[in-house]
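Encoded as structure tokens, the structure appears first; notes follow it.
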Amino acid sequence: MIPLTITTRSTSNGPVLEITGDLDYETVSQLRHRLTTLALQPGQLLVLDLGGMTFCDSSGIATFLAARNHAHAAQADIALTTLPDHTLRVLRIVGLDQVFRLRPTSEADREGRTPPGAVTADQP
């Protein structure tokens, strides 16, 4: 098991949460807690950068939905970026690729630092 780390940074559009490691039943409370302490303003974009995420189970997917609800309650939007292929596949199977804004790259990718094993959202 790879420990979960969540790094928060601010951008002009809103907060970015970089998620690294395993997001599962035992670690998901860390992300849920971080979301409850995150102040969002109307019109902002909450970005979950998943490029460093090595595993995600159903509780992780449910937390993405909770993040979406949190963003929408604040009249903000949410995007998932740099999705690992296994997570993108699950989102497509259950139709959540139609619910979330999937961004093909993060800022790190645009700078040429694509994480190993990450697949962009526009790939099949």
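Readers should treat all values here as calculations from the given coordinates under stated rules, not as data from a laboratory. Just so it is clear, the structure is predicted and the values come from calculations on it, not from any experiment. No Cβ is skipped: glycine too gets one built from the backbone with ideal geometry, and neighbour counts run over all protein chains shown.
The table below gives the values:
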item: Distant-in-sequence amide H partners of Thr54 (H built 1.01 Å from N, under 5 Å); result: Gly21, Asp22, Leu23
item: Proximal charge balance of Ile19 [Cβ under 13 Å; K/R count +1, D/E count -1]; result: -1
item: Sites Arg9 and Asn69, calculated FRET efficiency, Cβ-Cβ separation with R0 30 Å, nearest 0.05; result: 0.85
item: Separation of the Asp57 and Ile93 label points, Cα + 7 Å toward Cβ, nm; result: 1.5 nm
item: Packing rank of 26-33, 42-49, where each peptide gets the mean count of other beta carbons within 10 Å, highest leading; result: 42-49, 26-33
